[in-house]
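The structure appears below as C-alpha cells.
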Amino acid sequence: MKTRSAVAALFSAALLVLTGCADDDLDDDKADDPATTPSASGGGSVTIGSQNFDEAALVTAMYAGVLEDAGYDVTTKLVGRRDIYVNQMPGSIQIAPEYVGGIADFMNTTVNGEDAESITTSDTQESVDAVAPLLADKGLTLLEPSEATSQNAYFITQERSDSEGITKLSDLEGQSVVLAAHEDCAGRADCEAGLKDVYGMDITELLPLGYASPQTYKAVLDGEADLGQTGTLDGTLADQGLVLLEDDRGIQPAQNLIPLVAEDFLAEHPDVEAVLNDLMAALDNETLGELIVQVTRDRETPEDVAEQFLADAGLVG
C-alpha cells in the first residue's frame, strides 16, 4: 500500500508540473498575441484637442466617434487657438485633428521665430516631411494625410465683386482693407501677413470674429469689414450673396486634414493609427464640403452629422 501511494503521489505531482508548464506557455502565447493585449484591442481614456469653429468641431466629432467605437473613453476640448491645445501635447491632450500647413507653420514659428522662412509648400508630403523633426522634438507625430483639404479663403460681397470687377485677391492690391478673420490670423503667411506682403493690401484693422463664423459673414455683408475669412469648402457663400476671391498669387500651402498624435500615447495604443487613417481615407473634398454645409447652413450639430457620416461610411459598427 505504501508503494502504491508513493507512485500515485509522484504521478499527481508530475501532472501538476506539466499543467503548470502548459498554463505558463498559454499565458506567454497570450502575452505575445497582439489581439489579446489592451493596446491592440483598444480602450482607455483619450482627450482630443481642437479649435472651435464649425469645420474643426465636425472633424473632431468624427475622431471621437471612431475612437469611441474602438473602445476608448473620449473627452474633447474645443478652444479658440491652436497654441492652447498643442501646448498641452503630450500631456493632458493626446490627439488633435490638424491641417498640414497650419501645424507646420505653427511649429516653425514657435520654434524658429515669427520671422522664420516658411517650411510649407503646396506639396503635402514635402510639408509633412519638413515639420516632422520639429514635432518629433516635442514628442508628437503626424499620421496619414487625407485627400480632403481645406485651405483658407477670402470673400467679399457678390455686389461689390460685380460692381468693381473684383474676382481675385490681387484686385485688392494697394487698397485699405478691414479684415474679419480668426483670431490667429495675425502675422500668418496664409492670412494677414500674406495679404499684406504678397498681395500688397493695407490691412487697417483685423476683426477677430472667427473663421467662417456668422459674425464674419455679417461683418462683410453689413460693410463693417471689406474681406472675410472662410475655407475653400464653404458651400454657403452664394446663398448669402458672398463670393470667394481667387488666391491668384498662391499664399495658401497644402492644408490636407491630418491627425496629430502624441508619440507616447501611440506607442501604448498602436491601434489608434489604423482607426484614424481609415477615417482620413474616407474623406474627400466633395464629401467634407457637403457635411460642412449641414453644420454651417442647416445648423445640424457636428455630433449628429458626424454620427450619420460614420455609420453611412461603415467606419463604426
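Details
- Boolean, LEU135 is in contact with a Pro (Cβ under 6 Å, 6 or more places away or on another chain), buried (at least 19 other Cβ atoms within 10 Å of the Cβ), within 24 Å of TYR63 (Cβ to Cβ) and in the same structural domain as GLY289 (by TED's automatic domain parsing): no
Conditions tested, residue by residue: (1) part of a strand (DSSP E or B); (2) modelled with pLDDT under 95; (3) touching a Phe, Trp or Tyr at 6+ places or on another chain (Cβ under 8 Å).
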site	(1), (2), (3)
GLU224	no, no, no
LEU233	no, yes, no
LEU244	yes, no, yes
VAL272	no, no, yes
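- Search result, residues across region 135-155 that are modelled with pLDDT of 95 or more, on the phi < 0 side of the Ramachandran plot and either part of a loop (DSSP other than H, G, I, E, B) or over 27 Å from the mean Cα position of the chain (by Cα) (or both): LYS138, LEU143, GLU144, PRO145, SER146, GLU147, ALA148
- Scanning region 257-271 finds no residues that are outside the structural domain of LEU172 (by TED's automatic domain parsing), surrounded by fewer than 20 Cβ atoms within 10 Å (Cβ to Cβ), within 30 Å of LEU207 (Cβ to Cβ) and charged (D, E, K, R).
- For GLU290, the conditions (1) closer than 27 Å to ILE93 by Cβ; (2) over 14 Å from the mean Cα position of the chain (by Cα) are fulfilled apart from (1).
- Test: ALA254 is outside any helix (DSSP H, G or I) and either of a type outside the set (Gly, Ala, Ser) or touching a residue at least 24 places away in the same chain (Cβ under 8 Å) (or both): yes
- Taking first residues from region 161-183 that are outside any strand (DSSP E or B) and partners that are basic (Lys, Arg), the Cβ contacts under 9 Å between residues at least 6 apart in sequence or on separate chains come to ILE166/ARG160; LEU169/ARG249; SER170/ARG249; HIS182/ARG81; GLU183/ARG81.
- Taken together, GLY223, GLY200 contain a single residue that is surrounded by fewer than 22 Cβ atoms within 10 Å (Cβ to Cβ) and under 15 Å from ILE156 (Cβ atoms), which is GLY223.
- Verdict on ALA189 being surrounded by 17 or more Cβ atoms within 10 Å (Cβ to Cβ) and within 21 Å of the chain's Cα centre (by Cα): yes
- Boolean, GLY102 is at pLDDT below 95 and either in a helix (DSSP H, G or I) or assigned by TED's automatic domain parsing to the domain that holds PRO208 (or both): yes
The values are calculated or read from the model by the stated rules, or taken from the named source; none is laboratory data. From a predicted model like this one, the values you see are computed outputs, not experimental measurements. All Cβ positions, glycine included, derive from the backbone under ideal geometry; neighbour counts span all protein chains shown.
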